[in-house]
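Read through the structure below, which is laid out as structure tokens, and then see the notes.
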């Protein structure tokens, strides 16, 4: 459902009263409180309980006390209140929300960043502390700027037009590539947890120490094959297949950067080394467990 607001004056973003992290902390506090009430606790659990309760309460109170404006969007431009930066619309090329994955493993999460692309460079604002609706932010940017610059796809579409040399079918090409990268992330996530889960189950029912290790190794091979098949499917897609190889590679790279899929050579090597070491470690652990 699309929200609509009256853009007669200005659009203001302030701190959120409660964040997703706060609910997670509250759940942890309640779990620890349950163990304390039923008597199954140690001094360590009590200390952790009091620490989490105090930390969560402090963060919420601090956020409630700070009800000042954080971002103001009006007919003149965008003001970042904490740094007292004001960017006039004449200097802004695009202003959009882009998600970025932060952390590693179980501690990883996706965080929204407000990107302001200017003629002098890019500014980024972490949005996790703020209360806002993305569709309203897009409306505010496009209403006050008078341009379609409020979404990441606006930037990607304009870059794609420059690469292809025409705007014919550009919306369909953009949608195909955007859906491709969103689907890739979901497929990788589902495949990883499904195949690892199957490996764990087979290890439990089969009396052979290397079942999980083999299953874990095959998991990444299967994910790699899925990626290759998806890539071929993308290349043969209507409108995409009409692009020559050079334009296809360049436009694909633009969307990879847009959706944070592109990896530097150093990061690719580091990831491969990590996976090899981790996989070897699983085999070593399986070996000693069997002993």
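When you check residue 144 against the structure, is it closer than 30 Å to residue 97 by Cβ, modelled with pLDDT under 90 and part of a helix (DSSP H, G or I), yes or no? It is false that residue 144 is closer than 30 Å to residue 97 by Cβ, modelled with pLDDT under 90 and part of a helix (DSSP H, G or I). Please verify whether residue 253 is over 30 Å from residue 201 (Cβ atoms), more than 24 Å from the chain's Cα centre (by Cα), free of Cβ contacts under 8 Å to residues at least 40 places away in the same chain and part of a helix (DSSP H, G or I), treating the condition exactly as stated. The answer is no for residue 253.
Just one of the listed residues (132, 181, 94) is touching a residue at least 40 places away in the same chain (Cβ under 8 Å), over 30 Å from residue 223 (Cβ atoms) and in contact with a helix residue (DSSP H, G or I) (Cβ under 9 Å, 6 or more places away or on another chain), and it is 94.
For the stretch 64-91, a residue qualifies if it is in contact with a helix residue (DSSP H, G or I) (Cβ under 9 Å, 6 or more places away or on another chain) and outside any loop (DSSP other than H, G, I, E, B), and the qualifying residues are 71, 73, 74, 77, 78, 89.
With the requirement that a residue be outside any loop (DSSP other than H, G, I, E, B) and either in contact with a strand residue (DSSP E or B) (Cβ under 6 Å, 6 or more places away or on another chain) or surrounded by 13 or more Cβ atoms within 10 Å (Cβ to Cβ) (or both), what does the stretch 233-250 give you? Give the steps one after another, and end with the answer.
Start the filter on the stretch 233-250 by keeping residues that are outside any loop (DSSP other than H, G, I, E, B), which leaves 233-235, 245-250.
Within the stretch 233-250, 234, 235, 247, 248, 250 qualify.
Do we have residue 41 as modelled with pLDDT under 80, touching a helix residue (DSSP H, G or I) at 6+ places or on another chain (Cβ under 6 Å), surrounded by 10 or more Cβ atoms within 10 Å (Cβ to Cβ) and not in a helix (DSSP H, G or I) here? Criteria met by residue 41.
Every residue, every condition in (1) touching a strand residue (DSSP E or B) at 6+ places or on another chain (Cβ under 9 Å); (2) assigned by TED's automatic domain parsing to the domain that holds residue 91; (3) within 16 Å of residue 253 (Cα to Cα), yes or no:
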| site | (1), (2), (3) |
| --- | --- |
| 153 | yes, yes, yes |
| 179 | no, no, yes |
| 184 | no, no, yes |
| 195 | no, no, no |
| 220 | no, no, no |
| 223 | no, no, no |
| 226 | no, no, no |
| 231 | no, no, yes |
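The values are calculated or read from the model by the stated rules, or taken from the named source; none is laboratory data. Just so you know, these numbers come straight off a predicted model, no measurement behind them. Note that we place each Cβ from the backbone using ideal geometry, even for glycine, and neighbour counts take in every protein chain shown.
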